[in-house]
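A short reminder: the numbers here are calculations on the coordinates, not readings from a lab. Bear in mind that the values here come from a model prediction, so they are computed numbers and not experimental data. Note: ideal-geometry Cβ built from the backbone for every residue, glycine included; neighbour counts use all protein chains shown.
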Amino acid sequence: MTNRRPPDQVVDRSLPFVDAHHHLWELRRLRYDWLEEPGWAAESDLIGDYKMLRADWGPDRLFREFYGQSVVAS
């Protein structure tokens, strides 16, 4: 499964948008079996490679990801 844009395609980050769906989790506080190692394989046919998800994704990280984007609501 590949969702990569061709290299000549540019994303206009000035367009305002609403992030209508996201997930937040703290691995140290709550247990998510599918994110634990050795747990499931690091790649799934359904969602692809999810190794980067094996980290805390709380509000602070979400806001850092929003930085430089034109997120007008969440």
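When ranked by the protection proxy of mean other Cβ atoms within 10 Å per residue, highest first, what sequence do the peptides 62-73, 13-24 form? Working shown, then result.
On the way: 62-73: 11.1, 13-24: 8.9.
Descending packing order for the listed peptides: 62-73, 13-24.
Got a sec? Which residues in the stretch 49-67 would a label at Tyr32 touch, if it sits 7 Å along Cα→Cβ and we count backbone N under 17 Å?
49-66
Taking θ as phi - 60°, what are the ³J(HN,Hα) couplings along the stretch 13-19 by the Karplus curve (6.51, -1.76, 1.60), each to the nearest whole Hz, with x for Gly and Pro?
7, 8, 6, x, 8, 9, 7
If r is the Cβ-Cβ distance from His22 to Lys51 and R0 is 30 Å, what FRET efficiency results, to the nearest 0.05? Walk me through the intermediate numbers first.
On the way: r = 19 Å, r/R0 = 0.62.
Working from the Cβ atoms, E equals 0.95.
Taking the Cα-to-Cβ direction at Phe63 and at Leu15 and moving 7 Å from each Cα, how far apart do the two end points lie in nm?
2.7
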